[in-house]
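Note sheet for the following structure.
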Amino acid sequence: KRMDLDIEESNQDYGQNVANAKAIKAVQDKTNIEITLTIPIMPNGWEEKQLNIIKAYLDAGVEVKLINSMTMCYGTGVNENEDYGTASVRAITNSVKQLKNIYSNYGVLLTDDQAYLKTGATFSIGYENSLYPTFTLDMANTIVDDAIKHNYGMVSMWSMGRDSMISPNQAITSQYNYSKILQRYNYD
């Protein structure tokens, strides 16, 4: 019923995504499958490479149900006195503006509510590596609070293995705390 295309950094070539989009459009025409794009984002919003991915799918006529942003691994993109929770909210806020602009180029005028409903955020919990700060429960709460306020289409985390402690992570000391935060968001 739904296909999530996780388009990681190494798979963001425009030409390849144009070819993929044509294939996805053919499948969608036959099955009515919902399509979600999962792409990286920075706190300032999607960069040109990600905008081109979205355009490749829209140009092919794919009906994109949701664009899920990987709100993680920002490096130097975080402002001073900003943590990954507030940086992620800033990223989503900026992506909503970009999404409205992109869709307007296709003759579709999205309201803020419609744009937020087409928006997802996936954060990476706990310790990623020495290049990034530990993503805390407070940061997760910041994102979920904003998701509730604006009715995001989706909120998720990477990864359940970490949250369940099946995959050891030095920053996670008890099971399912992030899952409990995500449960606050009602997926209607």
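Points to keep in mind about this one:
- Restricting attention to the stretch 176-188 and to residues that are in contact with a helix residue (DSSP H, G or I) (Cβ under 7 Å, 6 or more places away or on another chain) and open to solvent by 50 Å² or more (accessible area, probe 1.4 Å), the residue that is farthest from PHE135 (Cα to Cα) turns out to be ARG184.
- Residue within the stretch 114-126 that is in contact (Cβ under 8 Å) with a residue 24 or more places away in the chain, under 30 Å from ASN32 (Cβ atoms) and of a type in the set (Gly, Ala, Ser) present: yes
- Members of the stretch 146-185 that are part of a loop (DSSP other than H, G, I, E, B), under 17 Å from the mean Cα position of the chain (by Cα) and farther than 21 Å from PRO40 by Cβ: ASN151, TYR185
- Qualifying residue in the stretch 130-145 (condition: at pLDDT below 95, under 24 Å from VAL78 (Cα atoms), exposed (fewer than 13 other Cβ atoms within 10 Å of the Cβ) and more than 18 Å from the chain's Cα centre (by Cα)): yes
- Number of residues in the stretch 1-33 that are of a type in the set (Gly, Ala, Ser) and either modelled with pLDDT of 95 or more or in a loop (DSSP other than H, G, I, E, B) (or both): the value is 4.
- Of the numbered criteria (1) assigned to a helix (DSSP H, G or I); (2) in contact with a strand residue (DSSP E or B) (Cβ under 8 Å, 6 or more places away or on another chain), the one THR36 fails is (1).
- Sole exception among (1) open to solvent by 80 Å² or more (accessible area, probe 1.4 Å); (2) within 21 Å of TYR103 (Cα to Cα) for ALA21, by number: (1)
- Residues of the stretch 46-97 that turn out to be open to solvent by 40 Å² or more (accessible area, probe 1.4 Å), without any contact (Cβ under 8 Å) to a residue 60 or more places away in the chain, under 23 Å from LYS25 (Cα atoms) and not in a loop (DSSP other than H, G, I, E, B), as a count: 5
- Candidates in the stretch 1-16 are the residues that are touching a residue at least 40 places away in the same chain (Cβ under 8 Å) and touching a strand residue (DSSP E or B) at 6+ places or on another chain (Cβ under 9 Å); of these, the one that is surrounded by the fewest Cβ atoms within 10 Å (Cβ to Cβ) is ARG2.
- TYR106 being open to solvent by 80 Å² or more (accessible area, probe 1.4 Å) and in contact (Cβ under 8 Å) with a residue 24 or more places away in the chain: yes
The values are calculated or read from the model by the stated rules, or taken from the named source; none is laboratory data. No experiment lies behind these values; they were computed from the predicted model shown. Here the Cβ is made from the backbone with ideal geometry for all residues, glycine too, and neighbour counts use every protein chain on show. What goes into the accessible areas is simple: the full protein's heavy atoms, side chains included, and nothing from ligands, DNA or RNA. Shrake-Rupley method; radii C 1.70, N 1.55, O 1.52, S 1.80 Å.
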